[in-house]
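Okay, so here's the structure we're looking at.
The values are calculated or read from the model by the stated rules, or taken from the named source; none is laboratory data. Only a predicted model underlies this, so the values are computations on that prediction, with no experimental measurement involved. In this analysis, Cβ positions are derived from the backbone assuming ideal geometry, glycine residues included, and neighbour counts consider all displayed protein chains. The area values use the complete protein model at the heavy-atom level, side chains included, leaving out ligands, DNA and RNA. Shrake-Rupley method; radii C 1.70, N 1.55, O 1.52, S 1.80 Å.
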Amino acid sequence: MKILVAVKRVADPENMNKIKLSPQGKIDTTGLEPKASPYDEYALETALRLTENGTNTKARLGEVVVVTFGPKETEPMLRAMLGTGADRAIRVDSTDEALDGDVVARGLKALVDSEKPDVVLLGYQQAESESNAVGQMLAEYLGWPQATFAGSIQSQDDKAFVVGREIEGATAELKVTLPAVVTVLDKIVKPKSVQSKHTPATHTYSDGVRFAALMAIMAAKKKPLAEMKLSDLVPDATLKVRYASAELPPKRAAGSKVKDVKELVTKLKTEAKVV
Amino acid sequence: MAGTLVVAEIADGKVKKTTQSAITFARQVGGPFAVVVVGSGAAGAAKELAGFGAQKVIAVDSPALVCEKLAPTVAKVAKDGGFDTVVVTASSYGKDLAPRVAVKLGAGYAPDINLVKVDGGKKLYRRPMYAGNAFGWLEVTTPVQVVSVRQTEFPAAEASGGASPVENASPAPDEPAAARAEHLKLVTGSSERPDLGEARVVVSGGRSLKEQFKQVLEPLADALGAAIGASRAACDAGYAAPELQVGQTGRTVAPQLYIAVGISGAIQHIAGMKGSKVIVAINKDPDAPIFQIADYGLVQDLFVAVPELVTELKSRS
Ligand SMILES: Cc1cc2nc3c(=O)[nH]c(=O)nc-3n(C[C@H](O)[C@H](O)[C@H](O)COP(=O)(O)OP(=O)(O)OC[C@H]3O[C@@H](n4cnc5c(N)ncnc54)[C@H](O)[C@@H]3O)c2cc1C
Ligand SMILES: Nc1ncnc2c1ncn2[C@@H]1O[C@H](COP(=O)(O)O)[C@@H](O)[C@H]1O
């Protein structure tokens, strides 16, 4: 099985409460370390689990291609992903200002047309824009089915996936016949979340994503990393949405500490009037 | 008719409350609006929506459960009616559907907005980004726009009386993708408590509650008529059911009162609850980040504080 994984580089999600506004009223993330968007890392881990026998993760039983739309600075992220097990990487040269979800989706559609993967995996949303849109748009452009909010995947002989979609207070089981687009939540990297064609059902993964061994990082230097022009994939990349400005939400001021339960209840009754 | 098309969400032939948030959006932007209801039992559900001041309610009876079937029909209704804005509430239903409809209409999509401003006929959409640490103002440059609205920021519209005419329409023909997506089943948690998304009070617990999660929190939730929530760490460890998770990858809640019990206040947890009106934190670590956003902080061992709180609430109610 061949899987295309879309990954976006973002400012450190753990420190997003430190972002500032530039004098021009734009979001300023200087000082925040660039990282792969966490859900995209989970998408890569999912792709690796689907294309291997978990008891021998050295042999890739399929092909995993990672793709990003971004500037040259995103290449270390792609190299790191080659180190963890992806076979090839593609960077579509662009800057965030030249992209919206629709352009990324059309670019991915063009790549799917040439790469012909069986599955495209994405994060359910990227950590900066949190649009939660690219996967669904891509599925529509391709005329493919989609499974969003995936917390689990069970492969049926790589012909169909039964996907556990984590939605409000429930799990919705959806069966998609491949090829399909799947967007993943963090729950997808729990030890038993992915049941691939090759891995025995008894196998348990460790929780979370795998790390690259030093040897693998060295070897990954030889793996192909292709560069493409955005205009080759999307001849008319006119944006359908653009950010006019940004603002910081009003800070929730820290309130007061109460000395004991009695004072807490008094305040809730007489001051906040919520109980 | 130019104007706004509200996409209703129905389940088992009944209109879901989420729909009323999308109606609030339509009222806020002004001008005429219609509501479309797609699903089995749509005609009956449409009647429930006739009292909200829509020019009409369009019912499309169809066994559609997956967005591969829904999107072509919603797009067709939007095109046929010449609507310039299509709005749905940003529940998982809306988030699944809206981007596909946008592509079908060649429309720009403003996802998960928390405010709309109409300026000389032009709409600007404000949306939370960066785990709620910034708001971006989004402009849609296409003539037709698709929008999804946050339920917590667009309060449910009240019925305004009157009776909008109900019109029946037929579904769009199935596209190939429809045959390749099959809804199998819905597995719901079996909670007797109020739904997290709609509760007036939410009591949430963290990993520190361990096996005593229920034993400690249920009496407090009972005393307050509250829904129970949890941090991801508590869910991951199996102390709380997975559907109770509050945060970026769990539910977004904005109750009148949110009580965080033994929760550290990680950025991803805060993203899901900082819209709450009043936040109380109980934590034994005075430097826990949750105190930075709590209106009332109590530094104490939760195993002592919570039972005491229950007694105190009961004796003073
Ligand atoms: C991509 C991603 C998505 C995530 N999404 C979410 C999400 O949606 N929701 C979410 O909640 N988390 C999410 N997380 C996890 C998040 O980063 C934290 O790990 C998690 O919220 C911590 O849960 P906790 O506060 O229960 O546990 P801890 O961080 O372990 O904190 C426990 C707290 O309990 C206090 N405590 C311990 N014992 C007592 C006692 N006896 N009395 C009083 N206080 C006590 C401690 O002082 C501490 O502050 C996500 C993480 C990632 C990477
Ligand atoms: N610039 C990009 N390059 C590659 N993938 C992207 C890019 N932007 C978004 N994606 C993918 O689309 C997913 C959803 O993003 P979004 O719809 O923007 O929240 C992300 O998790 C990525 O998998």
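Data overview
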{"quantity": "Using θ = phi - 60° and Karplus 6.51 cos²θ - 1.76 cosθ + 1.60, couplings along the range B:298-307 (whole Hz; Gly, Pro as x)", "calculated": "10, 8, 6, 5, 5, 5, 8, 5, 5, x"}
{"quantity": "0 to 90° range, to nearest 10: angle between helix A:75-84 axis and chain A longest Cα axis", "calculated": "70 degrees"}
{"quantity": "Cα-based Rg / Dmax (Å) for the range B:1-121", "calculated": "13.0, 41"}
{"quantity": "Cα-based Rg of the range A:196-264 normalised by 2.2 N^0.38 Å, two decimals", "calculated": "2.37"}
{"quantity": "Whole-number accessible area per residue in Å² for the range A:225-275, which is evaluated in the context of all protein chains at 1.4 Å", "calculated": "61 Å²"}
{"quantity": "Accessible surface of chain B, 1.4 Å probe, proportion on carbon and sulfur as whole %", "calculated": "50 percent"}
{"quantity": "Overall form of the range A:2-241 per C-alpha gyration tensor (a/c, 1.5; a/b vs b/c)", "calculated": "rounded"}
{"quantity": "Sequence-separation-based contact order of the range B:4-179, relative, with Cα cut under 8 Å and 6+ spacing, percent", "calculated": "30 percent"}
{"quantity": "1.4 Å probe, heavy atoms, protein only - residues of the range B:285-303 losing at least 50 Å² accessible area vs chain alone", "calculated": "B:Tyr296, B:Gly297, B:Leu298"}
{"quantity": "Computed accessible area, B:Ser148, all protein chains, 1.4 angstrom probe, square angstrom", "calculated": "0 Å²"}
{"quantity": "Average beta carbon contacts from partner chains per residue of B:137-144, 10 Å cutoff", "calculated": "5"}
{"quantity": "Percent carbon-and-sulfur accessible area, chain A, ignoring ligands, DNA and RNA, probe 1.4 Å", "calculated": "55 percent"}
{"quantity": "Pairwise label distance in nanometres, A:Lys192 with B:Thr188, each label 7 Å out on the Cα-Cβ vector", "calculated": "2.5 nm"}
{"quantity": "Computed label-point distance, nm, for sites B:Asp285 and A:Glu33 using a 7 Å Cα→Cβ extension", "calculated": "1.9 nm"}
{"quantity": "For the range B:201-316, the spread of Cα positions along each principal axis, largest first, Å", "calculated": "37, 28, 25"}
{"quantity": "Alpha carbon centroid spacing (whole Å) that separates the range B:1-36 from the range A:185-221", "calculated": "43 Å"}
{"quantity": "Solvent-accessible ranking of B:His183, A:His203, B:His269, largest area first, probe 1.4 Å", "calculated": "B:His183, A:His203, B:His269"}
{"quantity": "Solvent-accessible ranking of A:Leu108, A:Leu61, largest area first, probe 1.4 Å", "calculated": "A:Leu61, A:Leu108"}
{"quantity": "Total formal charge among the other residues, if their Cβ is under 13 angstrom from that of B:Val203, Lys/Arg +1 and Asp/Glu -1", "calculated": "+1"}
{"quantity": "Overall form of the range B:83-192 per C-alpha gyration tensor (a/c, 1.5; a/b vs b/c)", "calculated": "rounded"}
{"quantity": "Neighbouring partner chain Cβ atoms per residue of A:16-23, average, 10 Å criterion", "calculated": "4"}
{"quantity": "Coil-residue trypsin sites (Lys or Arg not before Pro) of the range A:228-257, DSSP, other Cβ within 10 Å capped at 14", "calculated": "A:Lys251"}
{"quantity": "Low-density loop cleavage sites - trypsin sites (Lys or Arg not before Pro) in the range A:10-114, where at most 16 other Cβ are within 10 Å (DSSP)", "calculated": "A:Lys26, A:Lys58, A:Arg60"}
{"quantity": "Radius, Kirkwood style, for chain B when every pair of distinct Cα atoms is counted (Å)", "calculated": "21.0 Å"}
{"quantity": "Charge context of A:Val104, other residues only, Cβ under 11 angstrom, K/R +1, D/E -1", "calculated": "0"}
{"quantity": "Solvent-accessible area per residue, Å², over chain B with all protein chains present [probe radius 1.4 Å]", "calculated": "39 Å²"}
{"quantity": "Alpha-carbon Rg with Dmax, taken over the range A:28-160, Å", "calculated": "14.9, 46"}
{"quantity": "Translational diffusion coefficient (Stokes-Einstein; Kirkwood radius from C-alpha pairs) of the protein assembly as shown at 25 °C, 0.890 mPa s, in µm²/s", "calculated": "99 µm²/s"}
{"quantity": "Pairwise label distance in nanometres, B:Phe303 with A:Gln156, each label 7 Å out on the Cα-Cβ vector", "calculated": "4.8 nm"}
{"quantity": "Angle in degrees between helix B:67-81 and the longest Cα principal axis of chain B, rounded to the nearest 10", "calculated": "50 degrees"}
{"quantity": "Contact order normalised by residue count of chain A, Cα under 8 Å, 6+ apart, percent", "calculated": "24 percent"}
{"quantity": "Sum of side-chain charges, B:Gln55 neighbourhood, beta-carbon under 15 Å (Lys, Arg +1; Asp, Glu -1)", "calculated": "-1"}
{"quantity": "Solvent-accessible area per residue, Å², over the range A:2-126 with all protein chains present [probe radius 1.4 Å]", "calculated": "37 Å²"}
{"quantity": "For the range B:74-115, residues shielded by at least 40 square angstrom of accessible area compared with the chain on its own, probe 1.4 Å", "calculated": "B:Ser92, B:Lys95, B:Asp96, B:Pro99, B:Arg100, B:Val103, B:Tyr109"}
{"quantity": "Amide N of the range B:280-307 lying under 11 Å from the label point, which is placed 7 angstrom from the Cα of B:Arg316 along Cα→Cβ", "calculated": "none"}
{"quantity": "Area buried, chain A against chain B - accessible surface, total, 1.4 angstrom probe, square angstrom", "calculated": "7100 Å²"}
{"quantity": "The range B:143-228: GluC sites (Glu not before Pro) falling in loop per DSSP and having at most 16 other Cβ within 10 Å", "calculated": "B:Glu158, B:Glu192, B:Glu198"}
{"quantity": "Mean separation of Cα contacts under 8 Å, 6 or more apart, over the residue count of chain B: relative contact order %", "calculated": "14 percent"}
